[in-house]
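The values are calculated or read from the model by the stated rules, or taken from the named source; none is laboratory data. Predicted model, so just to flag it, every value in this text is computed and none were measured. Positions of Cβ are backbone-derived with ideal geometry, glycine not excepted, and every protein chain shown enters the neighbour counts. Please note that ligands, DNA and RNA were not included when accessible areas were found on the heavy atoms of the full protein model with its side chains. Shrake-Rupley method; radii C 1.70, N 1.55, O 1.52, S 1.80 Å.
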Amino acid sequence: MQNAINIINDCELEIKDVFSHIDEVVLYNQEKVLTAFKKNMIAARHFAPTTGYGYDDVGRDTLCALFADIFNAESAIVSPHLINGTHAIFTALAGVLRPNDTMLSITDEPYDTLLDAIKSDSIGSLKDFGINFDKIALKNGEIDYIEVEKYFQNKSPKLIFIQRSRGYNWRNALSISDISKTIKIVKKLSENAIIMIDNCYGEFVDKLEPTDVGADLVAGSLIKNPGGGIAQTGGYIIGRKDLIDLVAGRLTVPGIGMEAGSYQASYLPFFQGLFIAPHVVAQAMKTSALFASVFSRLGYSTFPEPNTIGHDIITSIKFNTKDELLAFCCEIQNSSPVDSFATPEPWDMPGYAHQVIMAAGAFVQGSSIELSADSPIVEPYIAYCQGSLTYEHGKIALKNILNKII
Ligand SMILES: *Cc1c(COP(=O)(O)O)cnc(C)c1O
């Protein structure tokens, strides 16, 4: 058996075309981001904290304008008051859906933490407010266009929901061209349907974003890609202005929307994080490509498949046993800059159906743009590994894992 370093170095050579692709995307996105910073004339005054009502909070307003420009959207909400990605997505849904409307997910069930918020009884879920939910399963990991067309023959949902990243499913993320094709098809079937994308883990992975290809509403987390590892909390919702205005009324108060809302810490981490996000995402993408290449060489199945371009920052690795999965997660934890001495254990987490193990020795709690792995404890034993602020950290963690496994 080859030693860990040799395997890693071999694999790194094998994926040099994938790396070149990532380099090209990051250069494009860095310029796009810089252009938006210049256009919005970002200055030190935008970083200042505010208090109380937060009227005329120029940092808040400008951060929103900056996101709207970068994502080619009419309007944006970017807020530390969105506690996570789930909150951003739920706020968007609750903002635009009304009693008797139907939300149709065409990527099967939404992400685990959204299920209660959409479907549970008596906790103020969408269902509680008389909003219907339908879903269409994926077929071989892809959107089932035949079933989608059939559905529209006798139903007209108000909102079509697409999850870009893989969640805890054995599939690849959707590419921007998949999303573009899907939006064209759905718009033909129903001109007025609102198309919403769960964009978690997808930002800056490609040159275009869902809003570039016709999405009406897009949401995600700032402790994933667009916070660049620097933002310490928050979420964003971007899209059509009429929709964002409704969502703003749900986030704060109808009639007040984004006119108020202060933040007593500096906005600087959101601006700086956004600025370096394309680069940090590229570091995570390279780490993911290396993990996929190395683990498939060792005989494990992975998504993305080795030597292919990923469409989110995650690598899924299918292990043979629960013990292998736990060993992998432990070594990710032990190779982290924070809490390296801790041993992650499977646990009942709020919003998840199975016990979940989470390895995250992160500076920001739960930040998964930092190197991390999480897995529901259920067969088949799949690790979902993502992030890495630096490619070098990912590579060192991988070496440590191989030294344990081989
Ligand atoms: C992370 C994630 C979310 C939101 O999760 P939070 O932990 O609430 O930020 C939603 N959808 C997908 C696909 C995700 O990966």
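In the stretch 82-99, the residues that are without any contact (Cβ under 8 Å) to a residue 60 or more places away in the chain reach residues that are within 8 Å of the ligand (Cβ to nearest atom) and not hydroxyl-bearing (Ser, Thr, Tyr) with C-beta atoms within less than 7 angstrom, at least six apart or across chains, in these pairs: Phe90/Leu114. Of the residues making up the stretch 82-100, those that are in a loop (DSSP other than H, G, I, E, B) and either away from the ligand (no atom under 14 Å from the Cβ) or open to solvent by less than 10 Å² (accessible area, probe 1.4 Å) (or both) number 5. Checking each residue in the stretch 1-45 for being over 26 Å from the mean Cα position of the chain (by Cα), assigned to a helix (DSSP H, G or I) and either among the small types (Gly, Ala, Ser) or over 30 Å from Ser175 (Cα atoms) (or both) picks out Ala4, Ile5, Asn6, Ala44, Arg45. Any idea which residue in the stretch 141-159 is nearest to the chain's Cα centre (by Cα), counting only those that are more than 16 Å from the ligand (Cβ to nearest atom) and closer than 30 Å to Cys385 by Cβ? Going through the qualifying residues, I end up with Glu142.
Taking the stretch 220-246 as the range and being surrounded by fewer than 21 Cβ atoms within 10 Å (Cβ to Cβ) and not in a loop (DSSP other than H, G, I, E, B) as the test, the residues that pass are Lys241, Asp242, Asp245, Leu246. When we screen Lys224, Lys318 for residues that are within 16 Å of the ligand (Cβ to nearest atom), at pLDDT 95 or above, under 28 Å from Pro346 (Cα atoms) and among the charged types (D, E, K, R), the only hit is Lys224.
When we screen Gly255, Gly273, Gly249 for residues that are at pLDDT 95 or above and part of a loop (DSSP other than H, G, I, E, B), the only hit is Gly255. Of note, Gly235 satisfies the criterion of being within 15 Å of the ligand (Cβ to nearest atom), within 20 Å of Ser372 (Cβ to Cβ) and either of a type outside the set (A, V, I, L, M) or without any contact (Cβ under 8 Å) to a residue 40 or more places away in the chain (or both). Residues in the stretch 101-144 that are farther than 25 Å from Pro350 by Cβ and of a type in the set (Val, Ile, Thr) were compared, and the one that is surrounded by the fewest Cβ atoms within 10 Å (Cβ to Cβ) is Thr102.
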